[in-house]
Amino acid sequence: MNICYFINTYPLGSSTFIRRELQAVERAGINVNRIAVRVGAPLIEPADIEERAKTEYILGQSWWRLIWIALSTIAQFPVRTLRAFGLAMQMAGRSREGYVRHVAYLVEACYLARRCRELRIQHVHTHFGTNSAAIAMLANMLGGPAYSFTVHGPEEFDMPISLSLGDKIARAAFVVGVSSFGRSQLYRWSEATHWHRIKVVHCGLDTTMFPDPSPPAGRRRLVTIGRLVEQKGQLLLIEAMAQASKTFPDLHLTIIGDGVLRGEIERAIRHARLERNVTMPGWLDEQAVRRELADADALVLPSFAEGLPVVLMEAMASARPVITTRIAGIPELVSDGVHGWLVTAGDVTSLVAAIERFAVTPAEELGAMGRACRERSLDRHDVDRCAAQLAEMFAADVEPARLSENRTPVTTTRLSGNRKLGWIGKGAEDVR
């Protein structure tokens, strides 16, 4: 089987779970081509740097070549291109990105469809229901293979109409949510007749990266990991630390990550006089993150909006209890009082109470929580098991499209979400 992972930005330090999944799909015996719109920068992880060398970039091509491919597609498939253009304009009318951006998506779709034909790609899979899913859908309309996509949230759930999420689901071979909550949100924006094609596949962890960890030392050390953006709730966490540290002055928090709120968070730390209680090392590579988790007694993640954070899985696999919000798919993974503490999103009082409960919990009890966390995370999120689920879905889509010797296919085209294959004889212009 020959498939393509098509990603907007790849590789990217904040989405290493895509790399792990892609490589696990390869271990399952599937040939995976990597095509992306752009490369993530800067790359600090050696594995990401290796992936960059294996990836083909649309924006790495000259604009003259992209325009030539688009004009060639119009000449070869005028009806398909007209219909794809019409859908692109419909999506543009709903979106915040405007018409010029969607014309660019169509040009990129022409490139993707052409490369899929040249590389004999049988299926395209992408992550996130944003522009990469739009390009894969348009490429499918231009004669490219069937596509599927994994939705993580929360962006797709915040802007389903602007992202034309319903159209993308309707035309996809299948769609993946990373939690049951995620699947329920996809149900909201699709017709019930399409629900059977909406699946749940958890994000996976490479279990070999999490050997038996040492137990928490009980030194009241917390770590939080993620982009420094509004939805992650770091500013609320600083407010909670300011209150909790009055009772427990030895509390310490390490904030790993970077983003647009870094300056504001640093000012909040200074204003609360928490310089001794809070450190901010910025982005770290995977090994350094695991060292920080090993040095901490628990992870805290006070997010306001999420899908199902990979960092929770990683902390739990490292046998660290978690303090996190009771939102989205998180309660499917974290049981309050068993794996840590669930708090009310946006409620600093609830967050302070959880931090103080953590601070008085003996190391032995933290260790028992950590062992329960590890068992739960490794059982649910083994990357090879998750990739095997995806491989079965890819095979279920590709196998019906195998050619009989006396037929010429329109490459696994899905028309408006139906499951019929289109077949054409020589000289036919368009199956639609």
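The values are calculated or read from the model by the stated rules, or taken from the named source; none is laboratory data. From a predicted model like this one, the values you see are computed outputs, not experimental measurements. Cβ sites come from the backbone with ideal geometry, for glycine too, and all protein chains shown count toward neighbours.
Which residues, counting only those in segment 22-75, are in contact with an Asp or Glu (Cβ under 6 Å, 6 or more places away or on another chain) and farther than 21 Å from A134 by Cα?
Passing the criteria: A24, I44, E45.
Taking segment 263-280 only, how many residues are out of contact with any helix residue (DSSP H, G or I) (no Cβ under 8 Å at 6 or more places or on another chain) and closer than 19 Å to L299 by Cα?
2
Among the residues of segment 254-272, write down those that are more than 21 Å from G13 (Cβ to Cβ) and under 28 Å from the mean Cα position of the chain (by Cα).
Once the filter is applied, which keeps residues that are more than 21 Å from G13 (Cβ to Cβ) and under 28 Å from the mean Cα position of the chain (by Cα), segment 254-272 yields only E264.
Conditions (1) of a type in the set (K, R); (2) buried (at least 23 other Cβ atoms within 10 Å of the Cβ), marked per residue:
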| position | (1), (2) |
| --- | --- |
| A136 | no, yes |
| N140 | no, yes |
| Y147 | no, yes |
| K168 | yes, yes |
| S180 | no, no |
| A192 | no, no |
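Just checking, which of V79, V124 is surrounded by fewer than 20 Cβ atoms within 10 Å (Cβ to Cβ), at negative phi and modelled with pLDDT of 95 or more?
The conditions single out V79.
Looking only at segment 215-245, which residues are in contact (Cβ under 8 Å) with a residue 40 or more places away in the chain and of a type in the set (A, V, I, L, M, F, W, C)?
Result: A217, L222, V223, I225, L236, L237, I238, A240, M241, A244.
Regarding segment 286-301, can at least one residue be identified that is on the phi > 0 side of the Ramachandran plot and charged (D, E, K, R)?
No, that holds for no residue.
Inside segment 166-265, counting only strands (runs of 3 or more DSSP E) that do not spill past its ends, which hold 1 or more residues that are under 30 Å from D347 (Cβ atoms) and of a type in the set (D, E, K, R)?
Answer list for segment 166-265: 221-225.
Suppose the filter is under 30 Å from Q287 (Cα atoms) and of a type in the set (F, W, Y); does Y99 pass it?
It is false that Y99 is under 30 Å from Q287 (Cα atoms) and of a type in the set (F, W, Y).
So that you can scan it fast, the table gives a plain yes or no per residue for (1) among the small types (G, A, S); (2) surrounded by 13 or more Cβ atoms within 10 Å (Cβ to Cβ):
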| position | (1), (2) |
| --- | --- |
| R34 | no, yes |
| P46 | no, no |
| T55 | no, yes |
| I58 | no, yes |
| S62 | yes, no |
| L87 | no, yes |
| Q90 | no, yes |
| G93 | yes, no |
| H102 | no, yes |
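Residue-wise test of (1) out of contact with any helix residue (DSSP H, G or I) (no Cβ under 8 Å at 6 or more places or on another chain); (2) buried (at least 18 other Cβ atoms within 10 Å of the Cβ).
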{"residue": "T324", "(1), (2)": "no, yes"}
{"residue": "P331", "(1), (2)": "yes, no"}
{"residue": "V334", "(1), (2)": "no, yes"}
{"residue": "V338", "(1), (2)": "no, no"}
{"residue": "C373", "(1), (2)": "no, yes"}
{"residue": "L378", "(1), (2)": "no, no"}
{"residue": "H381", "(1), (2)": "no, yes"}
